[in-house]
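The next block holds one structure in the form of structure tokens; read it before the comments.
The values are calculated or read from the model by the stated rules, or taken from the named source; none is laboratory data. Please read these numbers as outputs of a predicted model, since none were measured by experiment. Glycine gets a Cβ as well: all are built from the backbone with ideal geometry, and neighbour counts include every protein chain shown. Accessible surface areas use protein heavy atoms only, side chains included; no ligands, DNA or RNA. Shrake-Rupley method; radii C 1.70, N 1.55, O 1.52, S 1.80 Å.
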Amino acid sequence: MNSHAWVLLILYLVVLLLTVKPLGSYIANIVEGRGWAVRLGGRFESLLYRLCGVKADEEMGWLKYAFAVLLFNLLGVLAVYALQRLQHLLPLNPQAMANVSADSSFNTAISFATNTNWQGYAGESTMSYLTQMLGLTVQNFLSAATGIVVAIALIRGFARHTAKTIGNAWVDLTRITLYLLLPISLVYAVFLVGQGIIQNFDGYKDVATIEVTRYDNPKLDSSGQPMKDDKGNPVTESATTKTQTLPMGPVASQEAIKMLGTNGGGYFNANSAHPYENPTPLSNFVEMLSIFLIPAALCYTFGRMAGDTRQGWALLIAMTLVFAVMAAVAIHFEQQGNPLLGKLGVDMSAGNMEGKEARFGIADSGLFATITTLASCGAVNSMHDSFMPMGGFVPLLNMMLGEVIFGGVGSGLYGMLVFAVMAVFIAGLMIGRTPEYLGKKIEAYEMKMVSIAILVTPLLVLAGTAIATMAASGVAGIANPGAHGFSEILYAFTSAANNNGSAFAGLSANTPFYNDTLAVAMWFGRFGVIVPVLALAGALAAKKRIAATSGTMPTHGPLFIALLIGTVLLVGALNYVPALALGPVVEHLMLFASH
Amino acid sequence: MKNLLRSAVSLFVLLSLITGIAYPIMTTGIGRVLFPHQAAGSIISLNGKPVGSSLIGQNFTDPKHFWGRPSATAPQPYNGMASGGSNLGPLNPALLDAVKGRIDALKASDPSNARPIPADLVTASGSGLDPHISPEAAEYQAPRIAKARNIPIEKLNALIAQHTEARLWGIFGEPRVNVLELNLALDH
């Protein structure tokens, strides 16, 4: 890493850490129903509750809370599915986009409702403006709110004692959406328009280009399928064009919540590499910042609500340390560049530029890739599939850590708290004491829920990858030969089950096989964790708080931070080392062998 | 149970209308008032006719023009309807063949040029619509354009310097040149 990259990383961390306390306190205030925002919106809020038959002061037990969250997200799946299947009949479709196929619609509906935003489709040629707004943008808000309220419910589990309830899901969802996500998104979206992101409802614009473009156009047979010759190569005819079609649409409003809610689903196929989604280095920096903004602040919210802000800072320090190392490794390997291109006479001082944008270069791309995969965002400003083997190893490993280093909004914090419970449990085993965390005894029931929450995703990733590598329809999607092809499949299931959504995008995933299997991985990777986490919240809330004694392990010091990082890395490594060895590690060794 | 369903459906509908209709419309309204040019796509017009966007690259192959990043969009390069990268892995022979082909094309267009080839000039961008190249990639092409247009190379280098955007505040992004704007300046 050169000095420019270090300055960028340090500046990023400084600006991020400055936002933690103010935003974290603000979130604690709104979920506790206090502060200026709640006073300002109180009337509107009560009107909404009256219309919806919600009794705001009636709290829910964990089971009812979980049921409400599931129901709410199922409605999201239905709405996104229906909008895609009917978009041809619906308004705001100036390009007359056809209805989306059943399997692709199903995949996208699950994808956006689970905060994954895996994309098998290309936005600019698939989705109508109405689908983008009323389907995808809405889910960007509501799936983000879902993650945050589950984290808040778990915090209440630690903060309360001998309590039967963990909050009211409807009130939590409404307040997070109205007071947190919506106002920040509005200001942020207007800023992005200023940077150059489009925001309109015009039809696509044709412009007359300066030069004529000559190209080979694939010939289609009578049924619209590409024709192939005897050897299986596509038949083409030469064509020319002097027109470029520029896609339009309400992009900035979707872009803002896409980043802020760690959703990551691009308006366009190229996601945040597209100049209309990420036009300048400044928009890029703010987009990176907005990914970690809420996950970082929630650590402070946790500390404050649990009555000891040091507990929240400890989690944040653990996250920051892992993040800085991952960013440095990714940028280092991308900066080195591809030695095979160096041999052809290419000047390698600019690094590995395949799949990267000139305005971002290595530092801004490597940092973005690290942030987007540690947080379960999944937006990309460069194509991870074309990263160097060890450069691509970092995003893959980041997701395999379970999206708990910052992680998704809410899901990062509840995931990290699950690991914190695991860490005190391991420490308790070592010294033979009943483990406790924040005055709550950790017993068999809690450890069962923790184990389910930790083991669900590796199971989905490894089983999914194994099935896809054995099935003909799984292997058919591979774009790159050799170990890299295996990495493409491993990346897809890792991304889906951990609700990240980024891809080694060479994989042809818009097929019934991948649309269906990845949808299953996304759904259970999300709610297979949320349900046990809410059960854990309920169990913890019901417990008595025990006073700390001289035998209690402090959970805010360096010892605990080291133990927590160790637990996260150990679980990740034990689950995935064999798979990683077959993918990026082999590829790295092959590159050096041939070098 | 019935209550839960009623609350879920009505809250879902109301929050959808707020975040999916009211919010994008408000953003559009404010955006159009404050930044009308950007909201509509940063379109460049020549004699009243739109010729492109300053944010979206175009395909250039004429020796008299600066060439942009290779584009992996299909079927034609710089297809605004199909953004995306090549997604070729670092060891993929197809990547090496493609880069070799681009190096050959650059060499053929200017056989006497012995400078090292800037990486961004022979590798496909992430979006396939990258409007920029590095200043080095522009300077590399200056001798070819000077010959094709029969103008002094100093004039071209001055034009490149004039169109070079530096790193923002010395920290964000990379130095770069907008290829479409540079070529328009060259033509007029």
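Taken over the stretch A:62-78, the criterion of being within 18 Å of A:Phe141 (Cα to Cα), open to solvent by 30 Å² or more (accessible area, probe 1.4 Å) and touching a residue at least 60 places away in the same chain (Cβ under 8 Å) is satisfied by A:Leu70 alone.
All of A:Ser473, A:Ser502, A:Ser508 fail the test of being open to solvent by 50 Å² or more (accessible area, probe 1.4 Å), of a type in the set (S, T, N, Q) and not in a helix (DSSP H, G or I), apart from A:Ser508. Applying the selection to the stretch A:2-16, what residues are part of a helix (DSSP H, G or I) and either within 17 Å of A:Ala330 (Cα to Cα) or in contact with a Leu (Cβ under 8 Å, 6 or more places away or on another chain) (or both)? Within the stretch A:2-16, A:Ser3, A:His4, A:Ala5, A:Trp6, A:Val7, A:Leu8, A:Leu9, A:Ile10, A:Tyr12, A:Leu13, A:Val15, A:Leu16 qualify. Within the stretch B:44-79, the set of residues being facing chain A (nearest Cβ under 7 Å) and farther than 26 Å from A:Ala350 by Cβ comprises B:Lys49, B:Pro50, B:Val51, B:Pro75, B:Gln76. Taken over the stretch A:109-128, the criterion of being surrounded by 24 or more Cβ atoms within 10 Å (Cβ to Cβ) and among the aromatic types (Phe, Trp, Tyr) is satisfied by A:Phe112, A:Trp118. Among the residues of the stretch A:32-58, those that are open to solvent by less than 80 Å² (accessible area, probe 1.4 Å) and within 14 Å of another protein chain (Cβ to nearest Cβ) comprise A:Gly41, A:Glu45, A:Ser46, A:Leu47, A:Leu48, A:Tyr49, A:Cys52, A:Gly53, A:Val54, A:Ala56. Considering only the stretch B:1-89, give the helices (runs of 4 or more DSSP H) lying wholly within it that have at least 2 residues that are touching a residue at least 40 places away in the same chain (Cβ under 8 Å) and on the phi < 0 side of the Ramachandran plot. Qualifying helices (runs of 4 or more DSSP H): none found.
Among all residues of the stretch A:375-382, there is at least one that is part of a loop (DSSP other than H, G, I, E, B), more than 14 Å from every other protein chain (Cβ to nearest Cβ) and farther than 24 Å from A:Leu563 by Cβ. The set of residues in the stretch B:14-41 being farther than 14 Å from A:Val251 by Cα and either surrounded by fewer than 16 Cβ atoms within 10 Å (Cβ to Cβ) or modelled with pLDDT under 95 (or both) consists of B:Leu14, B:Leu17, B:Ala22, B:Val33, B:Leu34, B:Pro36, B:His37. Taking the criterion of being within 7 Å of chain A (Cβ to nearest Cβ), outside any loop (DSSP other than H, G, I, E, B) and not aliphatic (A, V, I, L, M), the residues of the stretch B:104-128 that qualify are B:Pro118, B:Asp120.
Checking each residue in the stretch B:19-42 for being hydrophobic (A, V, I, L, M, F, W, C) and more than 7 Å from chain A (Cβ to nearest Cβ) picks out B:Ala22, B:Ile25, B:Val33. Among the residues of the stretch A:520-551, just one is under 19 Å from the mean Cα position of the chain (by Cα) and of a type in the set (Lys, Arg), namely A:Arg526. Evaluated against (1) within 14 Å of another protein chain (Cβ to nearest Cβ); (2) of a type outside the set (D, E, K, R); (3) surrounded by fewer than 22 Cβ atoms within 10 Å (Cβ to Cβ), A:Ile426 falls short on exactly one condition, (1). Condition check for A:Ala466 on (1) more than 30 Å from A:Phe67 (Cα to Cα); (2) in contact with a helix residue (DSSP H, G or I) (Cβ under 8 Å, 6 or more places away or on another chain); (3) part of a helix (DSSP H, G or I): one failure, at (2).
Can you find a residue in the stretch A:332-344 that is more than 11 Å from chain B (Cβ to nearest Cβ) and assigned to a helix (DSSP H, G or I)? Checked against the condition, which is being more than 11 Å from chain B (Cβ to nearest Cβ) and assigned to a helix (DSSP H, G or I), the stretch A:332-344 yields at least one hit.
Considering the conditions (1) more than 24 Å from A:Asp516 (Cα to Cα); (2) away from chain B (no Cβ under 14 Å); (3) open to solvent by 50 Å² or more (accessible area, probe 1.4 Å); (4) not in a helix (DSSP H, G or I), A:Asn99 is excluded by exactly one of them, (1).
Selection of the stretch A:366-399 for residues being within 14 Å of the chain's Cα centre (by Cα), open to solvent by less than 10 Å² (accessible area, probe 1.4 Å) and among the aliphatic types (A, V, I, L, M) yields A:Ala369, A:Ile371, A:Leu374, A:Ala375, A:Ala379, A:Leu396, A:Met399. B:Val99 falls short on exactly one of the conditions (1) at the interface with another protein chain (Cβ under 7 Å from one of its Cβ atoms); (2) open to solvent by 60 Å² or more (accessible area, probe 1.4 Å); (3) not in a loop (DSSP other than H, G, I, E, B), and that condition is (2).
In the stretch A:381-397, the residues that are under 17 Å from A:Leu507 (Cβ atoms) reach residues that are in a helix (DSSP H, G or I) and of a type in the set (Asp, Glu) with C-beta atoms within less than 8 angstrom, at least six apart or across chains, in these pairs: A:Asp385/A:Glu488; A:Phe387/A:Glu334; A:Pro389/A:Glu587; A:Gly392/A:Asp385.
Residues of the stretch A:304-343 that are of a type in the set (Gly, Ala, Ser) and without any contact (Cβ under 8 Å) to a residue 40 or more places away in the chain: A:Gly342 alone. Can you name every residue in the stretch A:134-160 that is farther than 30 Å from A:Pro91 by Cβ and open to solvent by 10 Å² or more (accessible area, probe 1.4 Å)? Passing the criteria: A:Arg156, A:Ala159, A:Arg160. Is at least one residue of the stretch B:129-142 in contact (Cβ under 8 Å) with a residue 40 or more places away in the chain, in contact with a Gly (Cβ under 8 Å, 6 or more places away or on another chain), outside any loop (DSSP other than H, G, I, E, B) and at the interface with chain A (Cβ under 10 Å from one of its Cβ atoms)? Looking for residues that are in contact (Cβ under 8 Å) with a residue 40 or more places away in the chain, in contact with a Gly (Cβ under 8 Å, 6 or more places away or on another chain), outside any loop (DSSP other than H, G, I, E, B) and at the interface with chain A (Cβ under 10 Å from one of its Cβ atoms), one finds at least one in the stretch B:129-142, hence yes. For the stretch A:183-237, filtered to residues that are within 8 Å of chain B (Cβ to nearest Cβ) and small (Gly, Ala, Ser), the residue that is most open to solvent (accessible area, probe 1.4 Å) is A:Ala208. Taking the criterion of being of a type in the set (A, V, I, L, M), surrounded by fewer than 24 Cβ atoms within 10 Å (Cβ to Cβ) and either outside any helix (DSSP H, G or I) or within 14 Å of chain B (Cβ to nearest Cβ) (or both), would at least one residue in the stretch A:269-287 satisfy it? Checked against the condition, which is being of a type in the set (A, V, I, L, M), surrounded by fewer than 24 Cβ atoms within 10 Å (Cβ to Cβ) and either outside any helix (DSSP H, G or I) or within 14 Å of chain B (Cβ to nearest Cβ) (or both), the stretch A:269-287 yields at least one hit.
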